[in-house]
Amino acid sequence: KPDTDPHFRALQQAIWSGAFTGAAGTGMTWWWENVHSANLYPHWSALRAFLEGTGAGRADLRPARFATADGPVIPFGVASRNEVLVWLLDRTCDWPEGALVADPEPVTGASATLLGVEDGAWAVEWWDTLTGKRVGTAEATGSGGALRLDPPAFRADIAARVRKR
């Protein structure tokens, strides 16, 4: 509800967390009149754009394993042998404590290390979760079954498509 979540962080996190925790769908809200009156539909459209062309829904997806996360990030993800979908949430914006933060500081220098990935070259696409647009690309190298992801600066959250080359 807008009085307890004026920046719609709970809604955003409910929508995005489902895709990265193995849920069958996105979070929904009882307050559809608020969704409609505030035109919050782009939250769902951004996730749709991110997932388009990925293996989301594949039978071989499993929860991604993370060794570490540096900076104020909470990592979530699902993985197959050749693709990982990652969502990094700035813990200072995590609902409910972070719901009232109007203008969060950019997260810089964060990283997350995936475990259980094949060694070799991986392509990484970083996505803005509010616009559903790609904001950057990078190359990463898996070694010893681990792959370090270094996101660009972001506010509140960011997502990545990670694919084996």
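The values are calculated or read from the model by the stated rules, or taken from the named source; none is laboratory data. Small disclaimer: the values here were computed from a predicted structure and weren't measured. Ideal geometry is used to build each Cβ from the backbone, glycine not excepted, and the neighbour counts take in all protein chains shown. For the accessible areas, the whole protein counts, side chains as well, though only heavy atoms, and no ligand, DNA or RNA atoms are used. Shrake-Rupley method; radii C 1.70, N 1.55, O 1.52, S 1.80 Å.
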Lone unmet requirement of (1) open to solvent by 60 Å² or more (accessible area, probe 1.4 Å); (2) more than 19 Å from LEU149 (Cα to Cα); (3) at pLDDT below 90 for ALA38: (1)
Any residue that is open to solvent by 70 Å² or more (accessible area, probe 1.4 Å), within 19 Å of ARG148 (Cα to Cα) and in contact with a Ser or Thr (Cβ under 9 Å, 6 or more places away or on another chain) - is there at least one of those in region 50-69? yes
Could you count how many residues in region 16-25 are under 20 Å from TRP127 (Cα atoms) and open to solvent by 50 Å² or more (accessible area, probe 1.4 Å)? 2
Out of (1) in contact (Cβ under 8 Å) with a residue 40 or more places away in the chain; (2) open to solvent by less than 20 Å² (accessible area, probe 1.4 Å); (3) not acidic (Asp, Glu), the odd one out for SER80 is which? (1)
Pairs, please: C-beta under 9 Å, at least 6 apart or cross-chain, first residue touching a residue at least 60 places away in the same chain (Cβ under 8 Å) and in region 108-135, second open to solvent by 50 Å² or more (accessible area, probe 1.4 Å) and of a type in the set (Val, Ile, Thr)? TRP127/VAL135; ASP128/VAL135
If THR92 meets every condition in (1) of a type in the set (Ser, Thr, Tyr); (2) under 14 Å from the mean Cα position of the chain (by Cα); (3) surrounded by fewer than 16 Cβ atoms within 10 Å (Cβ to Cβ) apart from one, which number is that one? (2)
Taking the condition of being among the polar types (S, T, N, Q) and touching a Gly at 6+ places or on another chain (Cβ under 8 Å), how many residues in region 131-165 meet it? 1
I'd like to know if region 3-15 contains one or more residues that are open to solvent by 50 Å² or more (accessible area, probe 1.4 Å) and modelled with pLDDT under 85. yes
